[in-house]
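Report on one structure; see the data block that follows.
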Amino acid sequence: MSARNRIRGFAVLVLLCAMIFGTAKPAFAADPQQSAAPSAATAADEASGTLYSARGVATCMKCHDTAINGPDRTYKASTSIFQTPHATKGDARAPFAQHDCESCHGPSEAHVASHPAPGQKRALPAVVFNGPNASPVSARNEVCLSCHQNGLRMDWVGSQHQDNNLACVSCHTIHVAKDPILVKATQPEKCFGCHAEQRALTLQFSHHPVREGKVVCSDCHNPHGSAGPSLLKKVRVTDLCYGCHADKRGPMLWEHQPVREDCTNCHNPHGSVNPRLLKEKVPFLCLDCHAATNDMGGVGVSVHSNAPGSGSLYLYGDRSCLNCHSQIHGSNSPSGSTFFR
Ligand code: HEC
Ligand code: HEC
Ligand code: HEC
Ligand code: HEC
Ligand code: HEC
Ligand code: HEC
Ligand code: HEC
Ligand code: HEC
Ligand code: HEC
Ligand code: HEC
């Protein structure tokens, strides 16, 4: 690197720091002399002949530091990205430590050099992420996965979202200070855009406090893919629920079999018109499994002889069976075999 370039590199570093810490608007357009060589055009890139813009972000900022009225739509200024981790020059893995804007939009010389006649379209950048000119989903995702195919994305390939051709940017927004999908208060709205049924359920009388911003979809789901069913973060539903409802974990002296099997035997995790997220009201919920195996409908046979129709106050009202079988998730009492205590 020549001494001149080194000085330029330093100038850009100072400028980017200023932008990241929110003090200055980029001044590239105003003073092109101040801007610099691309941050880290590697020998490999040079050898392959790939053409990245000579002055990286400074090149793009000649035009994109303000809003642009394009032939198809209006484009916002592209400056908010400087407030995100992607612009951290000091992080060698970050786009702005590599080819700046073109780490994501691809080498875009043609776009930069384009001189369209009035009303004509400019040559596109190598990768466009949204709008009418968007590149194919596979091309867009390849960019993101080139840096992010790890951690949470281990099971992306073959996941329901990948199978249905979702782009990373179906959920993520890059040119904002804070991506709304990463914020509890704004994440669900994005998911509801495609999952209307879950929106309706969270509006029910009983619901996990999703609308209240205390629980989010990604507390239970990994939208990038999972080894379990329904993109759940745990292979078994029970393990997922124990994560926040530890008192239900057991083991108990007396287990209620359907509880150990799967909490969704009785609960709908997203919402319900019944109290406590129950799929059905008690006693109907219980009778789904127990009507055929005991004396529920009988008269004068046992403790349940005064089952529905025979007049016991205990079998009616909101609690019904729970008036007596109150420890429905299992019991640790020596005499709790029927979940009385
Ligand atoms: C000389 C001005 C100029 C420069 C330099 C420039 N652009 Fe653009 N860019 C535009 C204009 C104008 C548009 C609006 C679309 C059009 O006019 O065709 C645009 C549109 C875009 C779009 C949206 C394309 C679409 O169809 O939705 C992206 C992405 C983009 N530019 C990225 C870049 C990147 C990355 C760089 C730097 C490598 C860059 N631009 C440099 C003028 C410029
Ligand atoms: C050149 C590598 C690179 C590319 C390409 C890239 N990223 Fe990143 N990304 C990073 C690094 C580095 C970070 C910050 C460190 C971290 O969180 O691991 C980051 C952070 C993020 C974050 C967390 C942001 C935050 O506010 O905490 C999200 C979300 C993200 N990237 C999504 C994407 C998406 C979607 C794409 C494709 C449009 C993409 N990235 C392309 C390297 C990259
Ligand atoms: C269906 C919506 C959705 C899609 C599609 C999606 N993401 Fe995410 N992404 C999320 C959510 C929600 C979070 C927050 C996860 C959390 O907090 O557990 C997230 C978090 C992230 C993060 C930051 C957390 C981390 O892992 O460091 C990165 C990076 C990221 N996603 C990259 C990607 C990439 C790359 C793709 C495309 C292959 C992608 N995402 C596709 C919803 C999505
Ligand atoms: C981490 C990847 C990444 C980097 C780095 C990046 N972009 Fe983008 N760009 C995107 C994605 C994804 C979109 C789609 C809209 C969004 O998510 O904000 C986009 C959209 C755009 C658009 C269309 C405007 C719009 O409102 O949709 C322009 C213009 C653009 N980028 C220019 C730039 C410029 C200039 C830079 C460098 C300062 C840059 N981008 C850096 C990923 C990136
Ligand atoms: C408390 C944990 C939890 C939360 C929070 C949660 N889910 Fe779920 N979700 C589940 C479980 C468990 C299943 C599997 C349901 C089953 O097998 O009956 C599921 C299933 C799904 C399904 C598959 C269809 C279905 O209902 O079986 C979709 C789609 C879904 N969830 C979307 C969402 C969205 C969107 C959000 C955020 C608004 C969200 N979930 C929040 C636990 C949760
Ligand atoms: C752009 C549309 C879109 C967005 C945004 C989206 N999804 Fe999906 N999701 C789909 C499609 C399409 C499927 C597959 C078809 C289906 O099962 O509905 C799916 C499947 C799922 C499934 C698995 C359903 C099953 O039966 O196995 C879950 C869970 C899920 N999404 C959760 C989420 C969460 C959580 C978010 C937000 C972080 C989200 N989705 C955002 C479109 C979307
Ligand atoms: C991320 C933590 C978290 C996970 C995981 C979780 N829950 Fe919850 N759950 C909560 C919170 C928070 C509440 C509200 C507690 C309150 O209001 O006191 C709640 C409340 C409930 C309620 C009572 C609802 C009402 O209307 O009173 C039931 C039932 C429930 N959860 C079942 C489940 C089941 C079943 C699962 C697994 C599919 C699960 N939860 C997973 C956090 C979680
Ligand atoms: C056999 C049906 C059934 C199964 C299976 C079941 N529950 Fe429940 N659950 C109930 C009933 C009935 C209530 C209401 C109890 C009451 O009001 O006294 C309830 C209430 C709750 C509550 C709120 C009140 C409390 O006790 O904290 C939570 C949380 C809960 N269940 C979590 C779970 C978890 C976690 C699982 C899986 C490990 C699970 N449930 C499995 C029937 C069931
Ligand atoms: C998904 C099916 C299912 C549901 C719903 C269900 N149970 Fe059970 N229950 C079982 C199974 C299976 C057993 C263990 C096998 C057996 O003894 O019949 C059991 C055992 C019991 C026992 C102990 C039986 C014994 O022989 O000691 C009682 C009491 C009981 N359940 C009450 C209830 C009540 C009250 C409800 C409603 C809140 C309910 N169950 C809901 C499946 C269910
Ligand atoms: C007035 C109190 C009371 C109410 C209300 C009640 N039970 Fe029971 N239940 C008992 C007693 C007492 C036993 C026998 C306990 C023993 O033998 O140790 C029993 C036993 C059971 C058993 C295990 C034995 C068998 O008959 O298979 C099941 C299952 C059961 N009840 C389900 C229910 C269901 C479902 C409801 C609601 C429709 C209900 N019970 C309402 C008192 C009650």
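Residues that are more than 9 Å from ligand 9 (Cβ to nearest atom) and closer than 13 Å to Ile328 by Cβ within segment 251-274 comprise Met252, Arg260, Cys263, His267, listed in sequence order. Filtered by the rule that a residue be among the acidic types (Asp, Glu) and part of a loop (DSSP other than H, G, I, E, B), segment 152-193 gives Asp155, Asp179. Within segment 133-172, the set of residues being open to solvent by 50 Å² or more (accessible area, probe 1.4 Å), closer than 16 Å to Ser218 by Cβ and within 16 Å of ligand 1 (Cβ to nearest atom) comprises His172 only. A Cβ distance below 7 Å, combined with a sequence gap of six or more or placement on separate chains, defines the contacts here; from segment 219-233, residues that are touching a residue at least 24 places away in the same chain (Cβ under 8 Å) and within 16 Å of ligand 2 (Cβ to nearest atom) reach no residue that is in a loop (DSSP other than H, G, I, E, B) and of a type in the set (Val, Ile, Thr). The number of residues in segment 113-132 that are surrounded by 12 or more Cβ atoms within 10 Å (Cβ to Cβ) and closer than 23 Å to His161 by Cβ comes to 4. Has segment 258-273 got any residue that is more than 15 Å from ligand 8 (Cβ to nearest atom) and at pLDDT 95 or above? Among the residues of segment 258-273, not one is more than 15 Å from ligand 8 (Cβ to nearest atom) and at pLDDT 95 or above, which makes the answer no. Scan segment 248-256 and give yes if some residue there is part of a loop (DSSP other than H, G, I, E, B), farther than 28 Å from Phe340 by Cβ and touching a residue at least 60 places away in the same chain (Cβ under 8 Å), otherwise no. Looking through segment 248-256, none of the residues is part of a loop (DSSP other than H, G, I, E, B), farther than 28 Å from Phe340 by Cβ and touching a residue at least 60 places away in the same chain (Cβ under 8 Å). Here Val210 meets each of (1) surrounded by 13 or more Cβ atoms within 10 Å (Cβ to Cβ); (2) more than 9 Å from ligand 5 (Cβ to nearest atom); (3) not in a helix (DSSP H, G or I) with one exception, condition (2).
Results for (1) at pLDDT 95 or above; (2) part of a loop (DSSP other than H, G, I, E, B); (3) in the same structural domain as Asp179 (by TED's automatic domain parsing), shown as yes or no for each residue.
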| residue | (1), (2), (3) |
| --- | --- |
| His86 | yes, no, no |
| Lys89 | no, yes, no |
| Asp100 | yes, yes, no |
| Cys104 | yes, no, no |
| Pro116 | no, yes, no |
| Gln120 | no, yes, no |
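The values are calculated or read from the model by the stated rules, or taken from the named source; none is laboratory data. Here the structure is a predicted model, which means the values were calculated and not measured. Every residue, glycine among them, receives a Cβ derived from its backbone with ideal geometry; neighbour counts consider all protein chains shown. Ligands, DNA and RNA are excluded from the accessible area calculation, which covers all protein heavy atoms including side chains. Shrake-Rupley method; radii C 1.70, N 1.55, O 1.52, S 1.80 Å.
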